[in-house]
Each structure stands twice: as structure tokens, then as C-alpha cells.
Amino acid sequence: MGGITPLVTTALPLANSVIGTVRNAGSASSSAATQQAAAQQAAAELDYKRQQDAAQAAAAQAALEQKYREEAAAAERSAQAAATARQQQAQLEAEAQARQWAHDAELRQQEQELQRQKDETAAAAAAAARAKEMDDFRGAQEQTLAQLRAGQEEAVRAKETDAQTQLAQLTAAADAAEQRRLAALRQAVSKTRAGLGARGVTAQDGSGEAILLGLTNSSETERKDAQATDQLKRAAIQQGLDDAKRRNLLELSQLADRQRLEYMSKFF
């Protein structure tokens, strides 16, 4: 619109000047001059009209171009604003997505930590339960072994008591047998000496001494036989006691081996 106003302002005085000149010339001239002036006036008016039309067309064109420029600028500003808004929205969405990812990652980390704590607690509980089961099982085995050992020791004490009784009986029997042997020897020697004396033979004679020595040797052989028998009986008693102790040790060892295998197969 600023380009149209100077054009109109310039064209209007020019047209008025031309019209005034024509009119002044017409009043002083002839009818031909009047016609010529009228024609000139018409030409001037036509030219003025063309100038106005041109000015109006130019003004309209300028206004239209200005409108286009303003619309283009508005569209550009709108596009820029839309792009800025989209960029801001995208940034907001990216920030929101990043916060959501961080939140999800934190939740996953918390869940993993919670699960790890649960797993550790469960593992500790399982280990404690296993340790208790192992201790209880081993305690039961040791109790069984202790009961067997106690029973064996009681049986050995009973056998030792019985053995002592038997040995005492053997000692008493041996002493009694020795007393009887000595008494029989003295009686036989006394009878033999009496018989020899009745026949007029003394103990110092060769035959009498030989008879008495035979009685003594026979009695000594009897004593040795009795002593050997007594030793065999004593050895048998001790052997029985030693065999019982060895059986006990073997039984304890076998039980310990079985318990060890049971323990290993159950827990490993």
C-alpha cells in the first residue's frame, strides 16, 4: 500500500493541470479548437483513467504481493513454531522415555537385588538345614556307635569278671590238688619206709632210695601235668577274653565303616 499513494498523488495534479489548460483554451478559440480541446480533454481523462486503473492495479498487485509475503511469513512462522513445538514435544517425550527407562532399570535392579537377597536367604536356610541334618545324622550314628561300645565294654567286664572267677577257681583247685599230691606223697613215702623197715631195708640202701625216688618222681610228674593242664586252662580263658575283645574291635570298625559309607552316600 505504501507504493500506491505516491503514484496517485503525482497523477492527480497532472490531470487537473491538463484539464484546466484545455478549458482555458476552449473559451478563447473557435469551435474547432473547442472540439480539439474536448478531444484533448477526453484523451487526458482517458489517460488519467488509465493511470488510475494502472495505479489501482499496481496497488492491488502490491497489496496482493504484500498479503502473499505476510501469509508466507505467517506460514513460515507457523511452520517454525510447529517445528519448535514438535522438537520440544520430541525432547519432552525423549526425556519422559529416558525417565521411564531409568525407572524401569531401577525397578529391575531393585527386583534383582530383592531376588538375590531371597536367594541368599534361601541358600543360607538350606545350608543351615543341611548342616543340621548332617549333625543330627552324625549324632545318631555316634550314639549308635557309643551304645555298641558301651554294650561291648559291659560284656567285656562281665567276661573279665567271669575269667577272674575261673582263674580263682583254677588257683584254688590247683592248690587243693597240690595239697592232696603232697599229702599222698608223704603218705606213700611213710608207707614205703614202713614196709622197707619191716623187711629190714633202710632208706639209705640203694633199693630203698630208688623206691622213694620213684615215688617222688611220680609225684613230681603228676605235679607238672597238673600245672600244664592248669596253664592250658588259664591260656584258654585269656584266649577267650582276647578273642571277645578282638571281635568287639572288629564289630566297632565295621560299624564305623558302614556309617561312613551311609554318611557319604546321603550327603555327597
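The numbers here are math on the coordinates, done by the rules we state, and not lab data. Not measured: the values here are computed from a predicted model. Counting neighbours? That spans all protein chains shown, and the Cβs are built from the backbone with ideal geometry, glycine included.
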Exercise for the section: Sequence neighbours fewer than 8 away in the same chain don't count; with that in mind, list the lysines whose C-alpha is under 23 Å from LYS266. Expected result: LYS132
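Taking neighbour Cβ counts within 10 Å as the exposure measure, how do TYR48, TYR263, TYR68 sort from fewest upward?
Listing TYR48, TYR263, TYR68 from fewest to most nearby Cβ atoms yields TYR68, TYR263, TYR48.
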Practice task
Check cross-link reach from LYS245 to the lysines: straight Cα distance under 19 Å, and skip same-chain residues fewer than eight apart.
Solution key: LYS159, LYS233
Practice task
Sort out for me the Cα centre separation of the range 85-160 from the range 224-255, rounded to whole Å.
Solution key: 56
Problem - Estimated inter-spin distance, ALA43 and GLU133, nm [label 7 Å along Cα→Cβ] - result: 12.9
Completion exercise
Most exposed first, judged by fewest Cβ atoms within 10 angstrom, GLU160, GLU113 run GLU113, GLU160
Fill in the blank from the handout: Put in order of increasing Cβ neighbours within 10 Å, starting from the fewest, ARG223, ARG108 give ARG108, ARG223
Exercise for the section: Compute the distribution of all C-alpha to C-alpha distances in the range 138-267, in bins of 5 Å from 0, and list the percent of pairs in each, rounded to whole numbers. Expected result: 2, 9, 12, 11, 9, 8, 7, 7, 6, 6, 5, 4, 4, 3, 3, 2, 1, 1, 0, 0
